[in-house]
1. Anything in segment 308-337 that is surrounded by fewer than 14 Cβ atoms within 10 Å (Cβ to Cβ) and closer than 13 Å to residue 144 by Cα? List them, or say none.
2. Which count do you get for residues in segment 79-93 that are over 23 Å from residue 177 (Cβ atoms) and open to solvent by 30 Å² or more (accessible area, probe 1.4 Å)?
3. Evaluate segment 24-38: report whether one residue or more is more than 30 Å from residue 333 (Cα to Cα), at pLDDT 95 or above, more than 20 Å from the chain's Cα centre (by Cα) and of a type in the set (Gly, Ala, Ser).
4. Just checking, does segment 163-177 include any residue being assigned by TED's automatic domain parsing to the domain that holds residue 222 and at positive phi?
5. Considering 31, 131, 77, 41, which residue is outside any helix (DSSP H, G or I), closer than 23 Å to residue 297 by Cβ and not assigned by TED's automatic domain parsing to the domain that holds residue 259?
6. Check whether at least one residue in segment 98-113 is part of a helix (DSSP H, G or I) and free of Cβ contacts under 8 Å to residues at least 24 places away in the same chain, and report yes or no.
7. Test of understanding: among 143, 125, which residue is within 16 Å of the ligand (Cβ to nearest atom) and open to solvent by 40 Å² or more (accessible area, probe 1.4 Å)?
Amino acid sequence: MRASSAEPAPLGLGIAGLGIAGLGMAGAVMVQAAAAHKGYVLRAAADPHEAPRAAFAQDFNASAYDDIGDLCADPAVEVVYIATPHQFHAPHAVLAAERGKHIILEKPMAMTLADCDAIIAAVERHNVHLVVGHTHAFDPAVRAMRALVAGGDLGRLGMIHSFNYTNFLYRPRRPEELDTARGGGILFNQVPHQIDIVRLLAGGLARSVRAQVTALDRSRPTEGSCAALIQFENGAAASLVYGGYDYFDSDEWHFNVGERGAPKTLDHGAARRALMKTSDETRARTETYAYGSSKAGLPPHQPHFGITIATCEKGELRASADGLIKYDASGATEYEIDRGVGMPGRREVLDDMLGLLRLGRPSVHDGRWGKATLEVALAILQSTREGREIMLEHQVTA
Ligand SMILES: NC(=O)c1ccc[n+]([C@@H]2O[C@H](COP(=O)([O-])OP(=O)(O)OC[C@H]3O[C@@H](n4cnc5c(N)ncnc54)[C@H](O)[C@@H]3O)[C@@H](O)[C@H]2O)c1
């Protein structure tokens with residue numbers, strides 16, 4: 001068997017003009033993914049910072065605006081990818097919809113369920129398409145796991161274990177990223193990847209959440225660790241564990257490959273040590289991550305988000321550095337996943353939008369899916385506050 005990666009982008013059906021809102025860490029990665037994707041041409045970007053704008057304009061001979069309103073008014077832009085800070089997702093998505101732009105919206109879809117509803121209403125009112133992503137549920141290995149689990153050959157899905165230990169809390173941060181009330185911490189930024197992955201693998205319909213999150217560092221006063229149990233309507237359960245304290249790094253157990261697929265030299269505590277030498281974090285963040293600040297090539301391995309193990313009646317699955325490993329009664333078998341062209345993970349996000357635009361092919365990751373994932377993240381916080389299981393009400397199938 002050869003696990004399949006995403007279908008190639010539907011070429012010859014019209015190239016989409018892409019605009020990038022927010023040229024920070026996420027925007028810079030998507031620029032790289034779009035530049036490597038034959039279905040898109042980078043037409044414009046918007047960011048208040050001058051340096052990434054100038055670099056983008058020069059690299060792509062494209063427009064660069066200091067105001068997202070101008071980006072959304074640009075007739076060369078058919079799709080807007082929104083990678084501005086969380087608090088702007090809702091107003092920016094509504095603005096793009098009002099201007100008739102199709103939208104790829106970064107996670108978290110918004111910070112409240114009401115804002116998700118406002119986005120869904122705007123998208124429907126203005127008849128535009130919405131894909132909520134990127135999350136690591138778009139990773140080829142996760143999609144291949146989903147296909148195997150849903151295909152039924154491995155029997156019933158019993159549980160999923162997803163864990164990730166990173167340096168998240170000690171990367172240079174904007175002030176709101178350390179304030180939960182303003183969308184800070186791991187619940188809005190990191191755990192949505194895990195929620196999206198386990199919801200996709202288990203079919204989408206989460207039933208309830210019992211969780212405890214913790215803020216262990218008073219100098220970074222937001223959640224840096226999470227332990228959650230999610231139960232699904234179909235009887236499966238998922239445990240999610242996330243630790244962002246820069247002590248253990250779970251990539252040590254993923255073949256020493258980093259989140260986006262680059263080889264990694266483990267350096268425990270390095271982010272903390274670097275932060276101690278940083279006087280202006282917001283500035284350091286821009287200088288480290290904004291578009292144009294580094295020129296990394298496409299990583300050689302596939303992306304991943306910690307380690308995810310799916311346990312079925314007849315075997316267990318997990319991603320390897322370049323494929324998928326099936327553990328069953330005959331032993332462990334590694335299946336290669338064709339790397340394909342471009343940047344795996346983000347490529348699938350771009351493919352989903354092209355599928356909607358050119359083929360009318362629905363994406364799992366629509367507004368209601370994004371809202372359901374946010375509902376789980378909010379329920380994790382609520383469960384911690386109230387010390388009880390939270391029942392979910394807005395879940396949708398994969
Ligand atoms: N899917 C992923 O793997 C992934 C990775 C990183 C970030 N993200 C998401 O992307 C979003 C941005 O995070 P980041 O880490 O890139 O942050 P960042 O601080 O590195 O970048 C944000 C960028 O948005 C710009 N910006 C701020 N206000 C703006 C406005 N009104 N119009 C246009 N641009 C504006 C900032 O100047 C900055 O360049 C977050 O919601 C985050 O969850 C997703």
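1. Hits for segment 308-337 are 334, 336.
2. The number of residues fulfilling the criteria is 0.
3. no
4. Within segment 163-177, the first condition is being assigned by TED's automatic domain parsing to the domain that holds residue 222, and the residues that meet it are 163-177.
Keeping just the survivors that are at positive phi gives none.
No.
5. Values: 31 fails: outside any helix (DSSP H, G or I); 131 fails: closer than 23 Å to residue 297 by Cβ; 77 fails: closer than 23 Å to residue 297 by Cβ.
Criteria check complete, one pass: 41.
6. Pass one, segment 98-113, residues part of a helix (DSSP H, G or I): 98, 113.
Still in the list and also free of Cβ contacts under 8 Å to residues at least 24 places away in the same chain: none.
Within segment 98-113 (the criterion being part of a helix (DSSP H, G or I) and free of Cβ contacts under 8 Å to residues at least 24 places away in the same chain), the answer is no, since none of the residues qualifies.
7. On the way: 125 fails: within 16 Å of the ligand (Cβ to nearest atom).
Unique residue meeting the criteria: 143.
For (1) within 10 Å of the ligand (Cβ to nearest atom); (2) among the acidic types (Asp, Glu); (3) more than 19 Å from residue 109 (Cβ to Cβ); (4) open to solvent by less than 40 Å² (accessible area, probe 1.4 Å), each residue gets a yes or a no:
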site: 24; (1), (2), (3), (4): yes, no, no, yes
site: 41; (1), (2), (3), (4): no, no, yes, no
site: 48; (1), (2), (3), (4): yes, no, yes, no
site: 55; (1), (2), (3), (4): no, no, yes, yes
site: 68; (1), (2), (3), (4): yes, no, no, yes
site: 71; (1), (2), (3), (4): yes, no, yes, yes
site: 77; (1), (2), (3), (4): no, no, yes, yes
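The values are calculated or read from the model by the stated rules, or taken from the named source; none is laboratory data. Nothing here was measured: the structure is a model prediction, and the numbers come from that model. Don't worry about glycine lacking a Cβ; one is built from the backbone with ideal geometry, like all the others, and counts go over all protein chains shown. Accessible surface areas use protein heavy atoms only, side chains included; no ligands, DNA or RNA. Shrake-Rupley method; radii C 1.70, N 1.55, O 1.52, S 1.80 Å.
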